[in-house]
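K.L.:
Below you will find the structure I want to go over with you.
All of the numbers you see were taken from the coordinates with simple rules; none came from a lab. The model shown is predicted, which means the values in this text are computed figures rather than measured ones. Cβ coordinates were reconstructed from backbone atoms using ideal geometry, including for glycine residues, and neighbour counts include every protein chain displayed.
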Amino acid sequence: MKALVCYKSPSGKNFPIINPDTGEKITIEFDFNSASYPETAIIFKPCDPGGRPLKDQFFYSRNENILRNPEFEYLPVTVKDARYHFSGSFPDARAGIEFPFRTKWMFLITDSFDTTRVYATGYFYVVSDEASAGAAFVTESIYDAPLFPVDLSKALTMNIKLQLPDGFFQEYFEAVEVIENNKFYDGKYYPKNMRADSVLFRTTDGSNFEITIRGIRPGNSYRQIDITNQSKYQGDGAYATPDGVETSRFYFRGDKDNNGAMLLAPFNELTSDYITIRFRFTPPDDSQTGIYLNGSFNYWNPGGMIKMEKSGNRYEASLRLKRGVYDYQYVSASADAQKILSDPYVFEGNFFETDNIYTVLFYYKDQQNRGYSKIIKVLSVHNGK
């Protein structure tokens with residue numbers, strides 16, 4: 001299975017978050033390589049905020065939420081890496097796919113006969129609009145740690161106001177989650193009882209909250225590669241950039257990006273094939289323990305970053321990618337790539353002018369439905385200038 005994307009219909013640039021009450025749908029697309037027609041299933045499961053499927057059978061009693069043997073279309077004969085393509089939008093009442101719980105959802109693409117054989121997984125958010133909220137940014141500097149160069153101390157403070165609706169109780173408000181751009185595998189979760197210098201929850205009366213989140217570095221625009229350009233990227237082994245080697249952008253603001261989204265070429269075009277792209281990066285010094293590629297091609301998942309191999313004074317990696325537009329960056333990380341040890345800002349820069357989109361989710365324990373973490377409001381906030 002290849003080139004999996006999940007987004008809010010109709011644009012692949014949209015973050016996968018929907019409110020079914022307003023008719024919104026998510027779209028799932030992927031390519032599949034098989035000698036015979038694929039026999040697959042797509043299973044949908046409600047999750048807790050950490051992405052773990054809810055275990056209580058109450059949440060599965062209304063509907064099986066399994067799409068068995070979905071219909072595939074043939075890819076053009078010019079595509080050598082896969083033969084079939086799936087695209088479907090959900091919820092779909094005719095197919096028996098519903099999202100009754102307003103929370104984080106997981107989908108699993110599996111074998112139709114053996115659902116323990118999982119080809120891929122993904123996430124999306126289903127939300128309601130029951131509360132009132134707003135957010136604004138102010139600029140600050142981080143002084144509680146020695147940072148050099150001083151550009152690394154540039155940070156934002158997000159001030160949030162939340163008003164619970166009538167009939168909701170303050171003690172059941174649970175947390176906020178903040179997701180930068182399309183990094184939904186790397187959201188920051190702030191429970192109401194969290195005690196840290198970076199976050200403060202205040203209650204102004206029985207139903208109002210003021211929340212302050214500090215130390216949000218704006219970073220830089222992402223690097224971007226557009227391999228739909230066939231004259232520039234003619235075939236396997238092409239370099240990501242014209243000069244073949246990329247370097248630090250610490251003092252250079254990047255161009256406009258897609259806020260971390262992955263935009264693939266339409267599957268039915270003859271040019272929607274796959275090619276191998278070579279990434280090469282020279283760090284500003286040789287003190288790094290490891291350098292990784294992180295981007296829309298691995299869904300910005302810190303645990304799925306691509307380790308670059310050292311070759312002389314530079315680092316290299318090759319990726320097999322479907323033609324499309326990808327945002328990415330270079331980061332210094334731990335050897336197992338499970339946690340970023342060194343901020344990517346050292347390589348990519350940190351500018352107040354960077355235009356990011358922050359998605360803010362508000363969680364409330366729904367006492368009418370076994371106390372699951374219900375998303376009662378979502379905000380989309382720009383910080384850029």
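K.L.:
Among 179-186, 278-285, 51-58, how do they line up by average Cβ neighbours within 10 Å per residue, starting with the highest? Working shown, then result.
P.N.:
On the way: 179-186: 20.8, 278-285: 16.2, 51-58: 12.5.
Put in order of decreasing packing, that is 179-186, 278-285, 51-58.
K.L.:
Taking every alpha carbon pair in region 2-126, what does the distance histogram look like in 10 angstrom bins from 0, in percent?
P.N.:
Percent of Cα pairs in each bin: 12, 44, 34, 9, 1.
K.L.:
Just want to confirm a number: the relative contact order over the chain, from Cα pairs under 8 angstrom separated by 6+ residues, in percent. Mind dumping the intermediate values first?
P.N.:
Values: 920 pairs, mean separation 64.6, N = 385.
Taking the mean separation of contacting Cα pairs over the length of the chain, I get 17 percent.
K.L.:
A further question follows. Which order do the peptides 74-84, 99-109, 118-128, 302-312 take when ranked by the mean count of other beta-carbon atoms within 10 Å per residue, highest first?
P.N.:
Details: 74-84: 15.7, 99-109: 21.5, 118-128: 18.8, 302-312: 13.9.
Descending mean neighbour count gives 99-109, 118-128, 74-84, 302-312.
K.L.:
Taking only C-alpha pairs under 8 Å that are 6+ residues apart, what is the relative contact order of region 223-348 in percent? Could the numbers behind the result be given before it?
P.N.:
Numbers: 250 pairs, mean separation 41.5, N = 126.
Across region 223-348, relative contact order equals 33 percent.
K.L.:
From the backbone phi of region 307-316, what are the Karplus-calculated ³J(HN,Hα) couplings (6.51 cos²θ - 1.76 cosθ + 1.60, θ = phi - 60°) in whole Hz, Gly and Pro given as x?
P.N.:
Karplus values, whole Hz, x for Gly and Pro: 6, 9, 8, 6, 9, x, 9, 10, 10, 9.
K.L.:
Say the cut-off is 29 Å between C-alpha atoms; which of K55/K322; K45/K183; K154/K365; K25/K55 go over it? Can you show the working numbers first?
P.N.:
Details: K55/K322 36 Å; K45/K183 21 Å; K154/K365 35 Å; K25/K55 25 Å.
Going by Cα-Cα distance, K55/K322; K154/K365 fall outside the 29 Å limit.
K.L.:
Quick check on the chain: of the DSSP beta bridges with both residues there, what percent are antiparallel, nearest 5%?
P.N.:
Working: 103 of 108 bridges.
Of those bridges, close to 95 percent are antiparallel.
K.L.:
Sequence-distant or interchain residues sharing an amide H contact under 5 Å with E246, placed H: which?
P.N.:
R280, F281, T282
K.L.:
Considering every pair of different Cα atoms, what Kirkwood radius, in Å, is found for the chain?
P.N.:
On the way: mean 1/r = 0.0445 Å⁻¹.
The answer is 22.5 Å.
K.L.:
Return the aspartates and glutamates within reach of K374: Cα separation strictly under 17 angstrom, same-chain partners fewer than 8 residues apart disregarded; answer none if there are no such residues.
P.N.:
Within the straight-line limit of under 17 Å, K374 reaches these aspartates and glutamates: D21, D48, D56, E98, D129, E130, D166, E171, E174, E177, D366.
K.L.:
Across bins of 10 angstrom width beginning at 0, how are the C-alpha pair distances of region 223-348 distributed, in whole percent?
P.N.:
Spelled out per bin, shortest first, that is 13, 45, 34, 8, 0.
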